[in-house]
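Only the coordinates and a few stated rules stand behind these numbers; no lab work does. Keep in mind that what you see is a predicted model, and the values were worked out from it rather than measured. Positions of Cβ are backbone-derived with ideal geometry, glycine not excepted, and every protein chain shown enters the neighbour counts.
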Amino acid sequence: MSVQPLLPVGLKSQAVNFQLMPPLSLYIHIPWCVRKCPYCDFNSHEAKPVLSLSKGGSIPEKEYVAALVRDLESALPLVWGRRVQSVFFGGGTPSLVSGGGIAEILRQVRMLLPLEHNAEITLEANPGTVEAERFAAYRDAGVNRLSLGIQSFNDQHLRALGRIHSADEARRAIAIAQQHFDNLNLDLMYALPQQTLGQALQDVQTALAYSPPHLSCYHLTLEPNTLFAHQPPPLPDDDASSAMQQGIEALLAGHGYAHYETSAFAQPKKQSRHNLNYWQFGDYLGIGAGAHSKLSFHDKVMRQARYKQPQAYLDAVARGAPVQDEHLLGKEDIAFEFMMNALRLNGGFDEVLFQERTSLPLLLIRRELDEAEKRGLLQREGQRIAPTELGRRFLNDLLQIFLAPEH
């Protein structure tokens, strides 16, 4: 799963001076899904009936692909001369798009942008039968990393989450995916409605049987403006969910997976390059309905957001103006956003990375660093700054220290 950082609003512009541009990634948003899950707060919209997109289904694939290309063309002046290190198809459900549609998007990306020859190209997919049948086509199109939204191998929990696939379909999808992809991520969730510790660990054990290079294990949270927020299901209490988290972390560590980010675990050299670019405060251009961008220039950092509703986005692209909101970040906001992302990394960051990615001296946040260290939430060893175990458990408290007053 790729989670684009939230878009701040009302920020004042202040001058910065970048000597080196951060790495650049491309995010492509597919806004449709078969059914909206009750926990989901992403920009996704149900499409009914679900038909083959390439055969006149309710999702306008040809129109949307053409809009993505026009969107990318309009953004080119913002990223002239910069190489793209990763591409991520997120959603929604990108696997609702045909293999031919994904191939056309990537063909245009390669024509318009200098894509690194070994770029990581990820596509999120659901384990449904229709989607799984397209995996070979996605590989042929140039996708080299697949992220499967498994969530659970327990049918009871899948129903509680509103998922439309079964545990058997999840297993079948993994088997098919492994025929075509060496680089595979499985998304799992824990602290599910009425889930026990044993059931949470069993989900992870089942996933480990497939030896996936990467696992994402997310704690189910009740996000605002979701069905679960309005009608909360019976969830495990804090002690039970904490036991699940600790048990999962210990189990994965015992199988050689490095816990490199809050919810991400990887075999050696299998970390998600695209998501690491987010956490290390790299740049990303986002195209598609509701996509966000964060782009650095010699003297500024800019954020953009595209129109969220699919039809509004298509109309805006047709007008040549897909961006709904655009603004510059001030120095304090740049510093906070760096910390908000980098402190998700269990290994933290080097001081030089802060200076490179923000163009600011570390002195700017010295008082906050001292306070976080005093409270046992952060540790500094040489040039390395990282959250402590306590800081990882109480990440929001740690980030609050670096939050500027105007936020």
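Key figures
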quantity: Evaluated over region 263-308, the Cα radius of gyration and Dmax, each in Å; calculated: 13.3, 38
quantity: Cα-based equivalent ellipsoid of region 24-277: semi-axis lengths in Å, sorted from largest, via gyration tensor; calculated: 31, 21, 17
quantity: Among M111, M339, M189: highest mean-square fluctuation, GNM of the chain, C-alpha pairs under 10 Å; calculated: M111
quantity: Spin-label proximity, N225 to region 300-331 - amide N less than 17 Å from point 7 Å beyond Cα toward beta carbon; calculated: 304-313, 324-326
quantity: Fully extended contour minus Cα-Cα distance, from R367 to Q383, at 0.36 nm per residue; calculated: 4.1 nm
quantity: Average Cα contact separation per residue, region 24-277, under 8 Å, 6 or more apart, as relative contact order %; calculated: 18
quantity: Coordinate range along principal axes, alpha carbons of region 187-257, Å, largest first; calculated: 39, 22, 14
quantity: Helix-only CD estimate at 222 nm, as mean residue ellipticity for the chain, using -39500 (n - 2.57) per DSSP H run (n ≥ 4); calculated: -10500 deg cm²/dmol
quantity: Proxy reagent accessibility, fewest Cβ within 10 Å first, across D333, D325; calculated: D325, D333
quantity: Order by protection proxy (mean Cβ within 10 Å, highest first), peptides 72-85, 221-234; calculated: 72-85, 221-234
quantity: Hz values of 3J(HN,Hα) by residue in region 331-345 - Karplus curve (6.51, -1.76, 1.60), Gly and Pro given as x; calculated: 4, 5, 5, 4, 4, 5, 5, 4, 5, 4, 8, 5, 6, 6, 7
quantity: Under Karplus coefficients 6.51, -1.76 and 1.60, residue-wise ³J(HN,Hα) of region 187-200 in Hz, glycine/proline x; calculated: 8, 10, 10, 9, 6, 7, x, 6, 7, 9, 4, x, 5, 4
quantity: G288 long-range amide H proximity, modeled H, under 5 Å; calculated: H29
quantity: Phi-based couplings in Hz for region 115-130 (Karplus 6.51, -1.76, 1.60; Gly and Pro marked x); calculated: 7, 4, 5, 10, 4, 7, 10, 9, 10, 7, 9, 8, x, x, 4, 4
quantity: Unpaired by the 4.7 Å Cβ criterion, cysteines found in the chain; calculated: C33, C217
quantity: Rounded FRET efficiency, nearest 0.05, which uses the C-beta distance separating V323 from R159 and R0 of 41 Å; calculated: 0.55
quantity: Region 331-407: mean projected area of Cα convex hull, nm²; calculated: 4.5
quantity: Other-chain or far-sequence residues with amide H under 5 Å of Q151's (modelled H); calculated: D187, L188, M189
quantity: Packing rank of 176-185, 235-244, where each peptide gets the mean count of other beta carbons within 10 Å, highest leading; calculated: 176-185, 235-244
